[in-house]
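A quick write-up on the structure given underneath.
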Amino acid sequence: MRIKTRVVKVNPENLEENKIGIAAEVIKKGGLVAFPTETVYGLGADALNEKAVRKIFEVKERPADNPLIVHVSSVEQIYEIAQPNKVAKKLIDAFFPGPLTLVMKNKKVPEITTAGLDTVAIRMPDHKVALKLIELSETPIAAPSANKSGKPSPTKAEHVFEDLGNLVDVIIDGGETKIGLESTVVDTTVYPVEILRPGAITKEELEEYVDVKYAEDFSVAKSPGMKYRHYAPDAETIVLVGKDFFKKAMQIAEDFVKKGYRVGIAGLNLEDKRDEVIYKNLGRSLEDMAKNLFNVLRELDKECDVIIIQGVEEKGIGKAIMNRLYKAGRVFRI
Ligand code: TXA
Ligand code: MG
């Protein structure tokens with residue numbers, strides 16, 4: 001299946017509804033639209049249209065047992081498709097719209113979207129383009145991250161084009177995404193609620209409202225997606241956690257360079273530079289790092305055989321960053 005992809009550029013601060021309207025028509029007709037959210041780009045289809053959702057699995061080459069997140073633009077829409085309990089309602093009030101996905105009892109989302117589970121994962125993105133697209137499509141939109149399975153999630157429209165160009169009908173280009181890591185996924189059908197995937201909404205923030213625990217091993221059984229090797233560059237990826245990152249990274253890099261490998265180093269507070277080794281700055285803070293991580297991994301992956309990347313403390317959004325890095329490569333304490 002190859003089609004000509006239409007790229008539509010929009011300015012999230014000054015929405016031109018007719019442009020989003022074009023994409024909404026595609027969703028209504030059962031097509032595929034990649035769109036920006038505040039976390040990463042999503043690959044969207046009408047969540048209630050089986051045929052359309054099947055296409056998402058095909059173009060992403062995603063295993064059929066990995067359920068999709070359903071995106072809504074209003075709270076009423078949640079009640080049409082699912083049955084939130086008291087705990088879910090509390091979290092909806094507190095965090096929607098935002099980078100939080102809630103697993104709740106399903107009401108009418110088809111099996112293909114939920115991979116046959118009796119629950120459905122729902123999120124209301126905090127992004128004007130995404131919300132307008134859902135509203136104009138007049139249906140909830142199922143959307144995984146818009147990467148090929150096994151690639152880092154896209155934080156720019158260019159990433160989507162690299163992975164899925166000419167496989168999707170429309171890519172809405174709304175610039176770089178703000179957060180850069182996928183949403184926190186929380187199962188509200190158990191108590192304490194369980195974090196199935198860490199993200200920008202942290203355990204501490206959730207604990208202001210409900211009791212929370214991390215699912216064991218980010219629960220292979222409960223969040224099917226977590227068992228697959230995600231976010232993995234093709235390059236050998238080495239994550240170093242601890243003091244003196246740069247010194248240790250240079251030592252390792254030199255060994256690889258001697259053997260003829262092309263090496264990239266990514267860390268906080270570095271200067272972008274190309275020498276014998278390629279250096280990439282991840283920014284100054286954990287928030288910067290979350291935002292830049294997938295883009296830097298993609299860029300280094302194009303040019304390097306080995307990527308050495310700085311690990312961080314598993315606190316706050318550091319928990320989500322390290323969760324992605326465990327999947328990207330091997331983690332060493334230094
Ligand atoms: O930020 C995000 O969440 C992005 C944007 C596009 O919204 N979407 C995203 O979707 O990351 P995806 O498909 O790449 O990840 C969805 C995760 C997977 O780990 C999946 O297994 C889990 O959510 N999930 C979906 N439905 C579930 C359910 N009913 N029960 C448990 N886990 C579920
Ligand atoms: Mg994904």
Residue, nearest to Ala146 (Cα to Cα), within the range 48-86, restricted to residues that are small (Gly, Ala, Ser) and more than 16 Å from ligand 2 (Cβ to nearest atom): Ala52
Sole residue being within 21 Å of the chain's Cα centre (by Cα) and not hydroxyl-bearing (Ser, Thr, Tyr), chosen from Lys29, Lys107, Lys60, Lys51: Lys60
When residues of the range 284-317 are limited to those that are free of Cβ contacts under 8 Å to residues at least 12 places away in the same chain and of a type in the set (Lys, Arg), the one nearest to Leu100 (Cα to Cα): Lys315
Flag if Ile112 is surrounded by 24 or more Cβ atoms within 10 Å (Cβ to Cβ), in a helix (DSSP H, G or I) and either in contact with a helix residue (DSSP H, G or I) (Cβ under 9 Å, 6 or more places away or on another chain) or not hydroxyl-bearing (Ser, Thr, Tyr) (or both): no
Residue that is farthest from ligand 2 (Cβ to nearest atom) [pool: residues in the range 154-163 that are in a loop (DSSP other than H, G, I, E, B) and surrounded by 24 or more Cβ atoms within 10 Å (Cβ to Cβ)]: Thr155
Test: residue in the range 318-328 that is small (Gly, Ala, Ser), within 24 Å of the chain's Cα centre (by Cα) and part of a loop (DSSP other than H, G, I, E, B): no
Candidate set: the range 165-218, residues that are within 16 Å of ligand 2 (Cβ to nearest atom) and of a type in the set (Gly, Ala, Ser); chosen: the one most open to solvent (accessible area, probe 1.4 Å): Ala200
Residue check, Arg330 without any contact (Cβ under 8 Å) to a residue 12 or more places away in the chain and exposed (fewer than 15 other Cβ atoms within 10 Å of the Cβ): no
Among the candidates Leu167, Leu136, Leu117, Leu131, residue that is more than 11 Å from ligand 1 (Cβ to nearest atom), hydrophobic (A, V, I, L, M, F, W, C) and either at pLDDT below 95 or assigned to a loop (DSSP other than H, G, I, E, B) (or both): Leu167
When residues of the range 300-311 are limited to those that are in a helix (DSSP H, G or I) and under 24 Å from Ile334 (Cβ atoms), the one most open to solvent (accessible area, probe 1.4 Å): Asp301
Number of the condition not met by Asp272 [criteria: (1) within 30 Å of Phe57 (Cα to Cα); (2) open to solvent by 70 Å² or more (accessible area, probe 1.4 Å)]: (1)
The range 139-152, residues that are among the small types (Gly, Ala, Ser) and at pLDDT below 95: Ser149, Gly150
Of residues in the range 8-36 being touching a Gly at 6+ places or on another chain (Cβ under 9 Å) and β-branched (Val, Ile, Thr), the one nearest to Pro140 (Cα to Cα): Ile27
Test: residue in the range 142-150 that is within 30 Å of Ala232 (Cβ to Cβ) and either away from ligand 2 (no atom under 16 Å from the Cβ) or basic (Lys, Arg) (or both): yes
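The values are calculated or read from the model by the stated rules, or taken from the named source; none is laboratory data. Predicted model only: the values in this text are computed from it and were never measured. For neighbour counting, all protein chains shown are included, and Cβ atoms are generated from backbone atoms with ideal geometry for every residue, glycine included. Please note that ligands, DNA and RNA were not included when accessible areas were found on the heavy atoms of the full protein model with its side chains. Shrake-Rupley method; radii C 1.70, N 1.55, O 1.52, S 1.80 Å.
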